[in-house]
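Report on the structure given below.
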Amino acid sequence: MLFLETTGARYTDMARAMQHYIEGSLMYPYIFDRKDNFDNYSVAVVLSGDQIKKAKKIGLRVNVREDRYDGLPYIQVKSGRQPDLFDENGEPYDGNKMISNGSKGTVRLTQRPYDNQYGKGVTTFLDAVKLTDVIPYEPEEGGKSTEF
């Protein structure tokens, strides 16, 4: 899970969870049957326009690295449980489970404040993904060898 600090009085009710929606291009979507190397369901969401401001406003760390995603801003979100998956109409997703980088979608994030012996802050986790423009994954030529 991604742990964030809060500033100001945005989260005065420590028991209250808040949900937020962020749109963008999905990169390395480990949201189906496979988990990432850290045993989490995860996805990087490449942001543009007002989505960058929105992500910063809710306290997410917006990353920009020249060696990733053509230097475009992105957030990395994850969860220990599989996110709920929906199609562009809001119905349960039953399409292709191998999707390519660049597929479009909206992630629903849940943020919960915490106040415990380790400190105060907000934890953010991936709750659901709405797949709005799926690009099916097609492996490159040369996959399995038929000869030795």
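The values are calculated or read from the model by the stated rules, or taken from the named source; none is laboratory data. Keep in mind that this is a model prediction, so the values were computed, not measured. Every residue, glycine among them, receives a Cβ derived from its backbone with ideal geometry; neighbour counts consider all protein chains shown.
Residue count for the stretch 65-76, restricted to those that are at pLDDT 95 or above, under 25 Å from residue 136 (Cβ atoms) and not aromatic (Phe, Trp, Tyr): 3.
Any chance the stretch 61-68 includes a residue that's surrounded by 17 or more Cβ atoms within 10 Å (Cβ to Cβ) and either in contact with a His (Cβ under 9 Å, 6 or more places away or on another chain) or under 24 Å from residue 39 (Cβ atoms) (or both)? Before you say what the answer is, go through the steps one by one.
Taking the stretch 61-68 as the starting set, the residues that turn out to be surrounded by 17 or more Cβ atoms within 10 Å (Cβ to Cβ) are none.
No, there is no match, as no residue in the stretch 61-68 is surrounded by 17 or more Cβ atoms within 10 Å (Cβ to Cβ) and either in contact with a His (Cβ under 9 Å, 6 or more places away or on another chain) or under 24 Å from residue 39 (Cβ atoms) (or both).
Return the residues of the stretch 61-79 that are over 14 Å from residue 43 (Cβ atoms) and small (Gly, Ala, Ser); say none if nothing qualifies. First the steps, then the outcome.
First pass over the stretch 61-79, keeping only residues over 14 Å from residue 43 (Cβ atoms): 61-62, 64-67, 70-73.
71, the sole residue that qualifies.
Screening residue 33 against (1) under 18 Å from residue 109 (Cβ atoms); (2) in contact with a Lys or Arg (Cβ under 7 Å, 6 or more places away or on another chain); (3) loosely packed, with under 14 Cβ neighbours inside 10 Å leaves a single unmet condition, (1).
Residues being of a type in the set (D, E, K, R), farther than 22 Å from residue 54 by Cβ and modelled with pLDDT of 90 or more are entirely absent from the stretch 134-148.
Looking only at residues in the stretch 43-58 that are surrounded by fewer than 19 Cβ atoms within 10 Å (Cβ to Cβ) and touching a residue at least 24 places away in the same chain (Cβ under 8 Å), the one that is nearest to residue 19 (Cα to Cα) is 58.
Within the stretch 89-120, the set of residues being surrounded by 15 or more Cβ atoms within 10 Å (Cβ to Cβ) and touching a Ser or Thr at 6+ places or on another chain (Cβ under 6 Å) comprises 104, 105, 109, 111, 112.
Going by the structure shown, is residue 62 under 13 Å from residue 26 (Cα atoms) and modelled with pLDDT of 95 or more? Quick ask: steps written out before the conclusion?
Working: under 13 Å from residue 26 (Cα atoms): no; modelled with pLDDT of 95 or more: yes.
No: the conditions fail for residue 62.
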